[in-house]
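Heads up, the thing below is written out as structure tokens.
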Amino acid sequence: MNMTGIIFHEDFSKHDPGWGHPECPDRLNLTMKFLREKDILGRPEIKLVYPDSANEQDLALAHTKKYIDSIKRISKHRGMLTSDTPVKQETYDLAKLSVGGAILAGKIVSSGEMKNSFLLNRPPGHHAGRDYGGGFCYFNNIAIMVESIRQEYGFKKFMILDWDVHHGNGTQDIFYDDPSVLYFSTHQMPLFPGTGRIEELGEKEGVGYNVNVPLSPGSTGADCSYAIDKLFIPLAREYRPDFIAISAGQDAYFADSLADLNFILETYVKITKQVMKVAEEVCNERIAIVLEGGYNLEALPRIIAAIITTLAEIKDIELSDPYLAPKQIVSSTVEKDILKMKALLADYWKVF
Ligand SMILES: [Zn+2]
């Protein structure tokens, strides 16, 4: 039975921010190579699907016309969106294809064709807000996915879990005043982009629907899993979303060079299972995952394979960390922070 849709397009690798840039084509080239070597893509539980490009109307679901036009214009002449986010001639089209992938990842799950999906896309999106980009992101793939599902399938409530090591400032901003999208992020703090404090709870009708779990450098996957257990799952049970979307960046991995958290391969298996369990309770198992960061080229393919085999409930493929993994313990700082957050969230949620 097909359970998990993998959305991929060869052209995702044509996006090349330049020599030495961490957000490089090999992130996906090596991942696809590894998935093929392990014969994961040939399994009956998996279906590989190819997206079409998004159109300007789709982009406008989360971005201003002025911003969309500016990316199009810079693409013609080449330039820099921010110091780490170059815009080349093909950038506009490739970023639109990445968004097309996100729309398809949401669609195949919403229609009931697949139980869940994983989009293997580039460029990423969670740092892009309505009228800005940066942090390797141009258009917010996951926000457009949510809006397109809302439009096409009439679902009313969404949860976005963002476990990338960086705070998804763009996604937070887009839904900051929107109570129909509960944004939940675990991320390292301090770190780029600098947002994502506990006190950022949303605004207007959206207050209480934005939850940030900042983790100090050195925090482990056990801390993240604990936060999901103590906050995300109770929130999901009370909120009862129709759909859970995940911004999956694997840069909280202990050997990732862009940050200092200590997640291990098993962390990603565990947190995927936690979300799958609650999705079974609240939203008919609907989960769509969109790739964000993850820059260790040895580890990333293995972690993605581990998430996919977990989603597809494939149990006979052994995957392990390519390096000696650090010990996983819940830190007392995280326990204290979560108590503080429960107290803050108690104004908005009965469960706390
Ligand atoms: Zn990241």
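Can you give me the number of residues within region 160-179 that are in contact with a Gly (Cβ under 9 Å, 6 or more places away or on another chain), more than 10 Å from the ligand (Cβ to nearest atom) and of a type in the set (A, V, I, L, M)? Working first, answer last.
Filtering region 160-179 down to residues in contact with a Gly (Cβ under 9 Å, 6 or more places away or on another chain) leaves 160, 162-179.
Filter once more, so that each one left must be more than 10 Å from the ligand (Cβ to nearest atom): 160, 169-179.
Now restrict to residues that are of a type in the set (A, V, I, L, M): 160, 174.
Number of matching residues: 2.
Quick check on this structure: which one of A236, A259 is closer than 25 Å to Y176 by Cβ, within 16 Å of the ligand (Cβ to nearest atom) and over 16 Å from the mean Cα position of the chain (by Cα)?
On the way: A236 fails: within 16 Å of the ligand (Cβ to nearest atom).
Answer to the selection: A259.
Any idea how many residues of region 153-205 are aromatic (F, W, Y) and farther than 18 Å from A102 by Cβ? Explain how you work it out, then say what you get.
Within region 153-205, the first condition is being aromatic (F, W, Y), and the residues that meet it are 153, 155, 158, 163, 175-176, 183-184, 192.
Checking which are farther than 18 Å from A102 by Cβ leaves us with 176, 184, 192.
Number of matching residues: 3.
If the condition is being within 12 Å of the ligand (Cβ to nearest atom) and polar (S, T, N, Q), then region 185-209 contributes S185, T186, Q188. A search for C-beta distances below 7 Å between a residue of region 62-88 that is without any contact (Cβ under 8 Å) to a residue 40 or more places away in the chain and surrounded by 18 or more Cβ atoms within 10 Å (Cβ to Cβ) and any residue that is in a helix (DSSP H, G or I) and of a type in the set (S, T, N, Q), counting only pairs 6+ apart in sequence or on different chains, returns S75/T91. Taking A245 as meeting all but one of (1) touching a Leu at 6+ places or on another chain (Cβ under 6 Å); (2) in contact (Cβ under 8 Å) with a residue 40 or more places away in the chain, write down the number of the exception. Unmet condition: (1).
Return yes or no: is A288 over 16 Å from L319 (Cα atoms), within 16 Å of the ligand (Cβ to nearest atom), under 16 Å from the mean Cα position of the chain (by Cα) and at pLDDT 95 or above?
Values: over 16 Å from L319 (Cα atoms): yes; within 16 Å of the ligand (Cβ to nearest atom): no; under 16 Å from the mean Cα position of the chain (by Cα): yes; at pLDDT 95 or above: yes.
Answer is no for this residue.
Of all residues in region 262-285, exactly one satisfies the criterion of being out of contact with any Gly (no Cβ under 7 Å at 6 or more places or on another chain) and within 15 Å of the ligand (Cβ to nearest atom), namely Y268. Taking the criterion of being part of a loop (DSSP other than H, G, I, E, B), touching an Asp or Glu at 6+ places or on another chain (Cβ under 6 Å) and not hydrophobic (A, V, I, L, M, F, W, C), the residues of region 157-192 that qualify are K157, D164, G168, Y176, D177, P179. What are the residue pairs meeting all of these: first residue in region 146-167, first residue within 18 Å of S216 (Cβ to Cβ), second residue away from the ligand (no atom under 16 Å from the Cβ) and among the charged types (D, E, K, R), Cβ atoms under 7 Å, and 6 or more apart or on different chains? The qualifying pairs do not exist here. Checked against (1) away from the ligand (no atom under 16 Å from the Cβ); (2) in contact (Cβ under 8 Å) with a residue 12 or more places away in the chain; (3) more than 23 Å from T272 (Cα to Cα), L182 passes all but condition (3). Taken over region 239-253, the criterion of being among the β-branched types (V, I, T) and within 16 Å of the ligand (Cβ to nearest atom) is satisfied by I246 alone.
For G129, the conditions (1) among the small types (G, A, S); (2) more than 12 Å from the ligand (Cβ to nearest atom); (3) surrounded by 24 or more Cβ atoms within 10 Å (Cβ to Cβ) all hold with the exception of (3). If you check every pair at least six apart or on different chains, which have Cβ atoms under 6 Å apart with a residue in region 101-122 that is assigned to a helix (DSSP H, G or I) first and a residue that is of a type in the set (K, R) second? The qualifying pairs are V109/R286. Restricting the first member to region 282-303 and to residues that are without any contact (Cβ under 8 Å) to a residue 12 or more places away in the chain and within 25 Å of M159 (Cα to Cα), and the second to residues that are surrounded by fewer than 24 Cβ atoms within 10 Å (Cβ to Cβ) and of a type in the set (G, A, S), no beta-carbon pair is closer than 8 Å while six or more apart or on different chains. Whenever a residue of region 252-263 is closer than 12 Å to Q328 by Cβ, its partners that are part of a loop (DSSP other than H, G, I, E, B) and away from the ligand (no atom under 12 Å from the Cβ), lying with C-beta atoms within less than 6 angstrom and at least six residues away or across chains, give the pairs F254/P326; L261/S219; N262/F254; N262/P326. Within region 302-320, is even one residue loosely packed, with under 13 Cβ neighbours inside 10 Å and under 12 Å from L265 (Cβ atoms)? Yes, some residue in region 302-320 is loosely packed, with under 13 Cβ neighbours inside 10 Å and under 12 Å from L265 (Cβ atoms).
The values are calculated or read from the model by the stated rules, or taken from the named source; none is laboratory data. Since this is a predicted model, take the numbers as computed values, not measurements. Cβ sites come from the backbone with ideal geometry, for glycine too, and all protein chains shown count toward neighbours.
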